[in-house]
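I have placed the structure first, in the form of structure tokens, so that the comments after it can refer back to it.
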Amino acid sequence: MKYEIVSHFPNDVIFKESGPLVSIYQPTHRRSSENKQDPIVFKNLLRKIEASLAQEASGDSSEALLKPLYELRDDSDFWMHAHDGIAVFASKNRCVVYLLQTQVKEYAVVAERFHIKPLIRAFQFPGNYQLLGLSRESFCVYQGNRYGLEEVLIPPETPRTMKEVLGSELSAPYLSHGSYGGARGTTMYHGHGDVKAEIDKDTEKYFRYVDAFVFDNYSKKSKLPLILVALKEYHTDFRKISNNSFLFEKGIHKAVDAMDSDELLDRARAIIEAIHADRVSKTATSYAKAEAEGMGSADRVRVVRAAFEGRVETLLIEADRVVPGKIDFETGKMQTGDMDHPQFDDILDDLAELVLSGNGTVLVLDKEAMPSDTGIAAIYRYK
């Protein structure tokens, strides 16, 4: 059994595999000057896993669990091309690896269920996003998170400019009439009114191509929010024709090549954080209303029971709150225990999985953003 790199969450491995189950989280580094220590850190985390497995798992079971983890440890090519973090889940049947574009804390545990709380946070909206830098002349795509941006490598054979895309369909006025430079990223034209009309038609055709290309090759596959980066007038034109459901209403009204990477990241981060804060605020308000009407609770026993019965629509969990123990998914009962024992992990983590398995929504928040002081807050579908 070899490890496999996956990108979809929740992956079916989360719900289908039986214990003992290994969960490992580790921050990694993109730059070669920094990532030489990453496999050493992973090796140390594996030692903790080995010690935990030695308490209970049979030799054959331990060997099946550890084999792909050893292969991952020794795969120098993997560590050279890691991103900002990894999440590794291993059972006796499968081993999956997430390459994360967000930082995570070191964590290694063996339990009856996978530890998924950090992964939920890494994937929850809007941790990762994409940028579309657009002008009448060309386009580019970036992928980012709150920590950094990286330009997406578009295949060199892909038409990028208006002339490459439209070819012989490019209007004669666009090719033959005079022009003079405007603001950076724009071109201004002089001539008859019909010249502008032809240019507008070319622009619409080009923007439609860009819209379809970005959706088919990036948005549809990644399902990440898309932020448009362009001059204000291009926002209006592009949004009129766009069919990309992942395109944010808010965008950056400045030419992408008029900003350095720090400014671009700061502007993107401001949009993402504002949207996230608004979502959290609205969810907290919904919780307060639900609790007042008996349709929500922050009591652990009641919430676990409701989740077991499939009644939890939305669950908020405090990121750093840990309650050692487990939930029996057959009975819905909680049991406290030592997290060093391979049967136990975090009750709140089990609760998150229980809600996800019932098609509920889970948000992992900082303590300051939580609407309760118990570490959880649930909104019910029904009483």
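Exposure proxy shown here: for Val256, Val104, the number of other Cβ atoms within 10 Å sets the order, fewest to most, as Val104, Val256. In this structure, Ser168 and Glu263 have a Cβ-Cβ separation that, at R0 = 45 Å, corresponds to a calculated FRET efficiency of about 0.70. Derived value for region 75-144: Kirkwood hydrodynamic radius 14.7 Å. Basis is the mean of 1/r over every pair of different alpha-carbon atoms. Considering only beta bridges that DSSP places wholly inside region 293-380, some 70 percent are antiparallel.
Counting only alpha carbon atoms, the long axis of helix 261-292 and the longest principal axis of the chain meet at about 50°.
Counting Lys and Arg as +1 and Asp and Glu as -1 over every other residue whose Cβ lies under 13 Å from the Cβ of Asn243, the net charge comes to +2. Within the chain, antiparallel bridges make up roughly 75 percent of the DSSP beta bridges whose residues both belong there. Of the Cα atoms belonging to region 4-123, the radius of gyration and Dmax stand at 13.4, 40 Å. Working from the Cα coordinates of region 290-363, the gyration tensor eigenvalues give, after taking √(5λ), semi-axes of 21, 13, 11 Å in decreasing order. Shown here for region 1-79: trypsin sites (Lys or Arg not before Pro) in loop regions (DSSP other than H, G, I, E, B) with at most 13 other Cβ atoms within 10 Å, namely Lys2, Arg31.
Note on the chain: Kirkwood hydrodynamic radius from all Cα pairs is 23.5 Å, rounded to one decimal. What angle, in degrees between 0 and 90 and rounded to the nearest 10, separates the Cα long axis of helix 232-241 from the longest principal axis of the Cα atoms of the chain? Approximately 70 degrees, to the nearest ten.
Packing, taken as the mean count of other beta carbons within 10 Å per residue, orders the peptides 234-247, 338-351 from highest to lowest as 338-351, 234-247. Computed over the chain, the per-residue total of -39500 (n - 2.57) for DSSP H runs of n ≥ 4 gives a 222 nm mean residue ellipticity of -12000 deg cm²/dmol, rounded to 500.
Estimated at 0.36 nm per residue, the fully extended path between Leu99 and Val41 surpasses their Cα-Cα distance by 19.3 nm.
Using r as the Cβ-Cβ distance of His29 and Ala197, and R0 as 51 Å, what FRET efficiency do you calculate, to the nearest 0.05? Efficiency, from the Cβ-Cβ distance: 0.45. Hey, what angle do you get for helix 193-214 against the long axis of the chain, alpha-carbon based, 0 to 90 degrees rounded to 10? For helix 193-214, the angle is close to 20 degrees. Of the GluC sites (Glu not before Pro) in region 236-285, the ones in a loop by DSSP (not H, G, I, E or B) with at most 15 other beta carbons within 10 Å are Glu249.
Subtracting the Cα-Cα distance of Val322 and Lys250 from 0.36 nm times their residue separation leaves 22.3 nm of extension gain. Considering region 269-328 at the alpha-carbon level, its Rg and Dmax are found to be 14.0, 41 Å. Is the shape of region 337-383 best called rounded, prolate or oblate, per the rule: a/c under 1.5 gives rounded, else a/b larger than b/c gives prolate, else oblate, with a ≥ b ≥ c the square roots of the Cα gyration tensor eigenvalues? The shape class here is oblate. With 27 Å as the limit, write out which pairs from Lys67/Lys105; Lys117/Lys223; Lys16/Lys48; Lys67/Lys367; Lys105/Lys333; Lys36/Lys92 have Cα-Cα distances beyond it, or answer none. Flagged as over cut-off: Lys67/Lys367; Lys105/Lys333; Lys36/Lys92.
Only the coordinates and a few stated rules stand behind these numbers; no lab work does. Just so it is clear, the structure is predicted and the values come from calculations on it, not from any experiment. Glycine also receives a Cβ, built like all others from the backbone with ideal geometry; neighbour counts cover every protein chain displayed.
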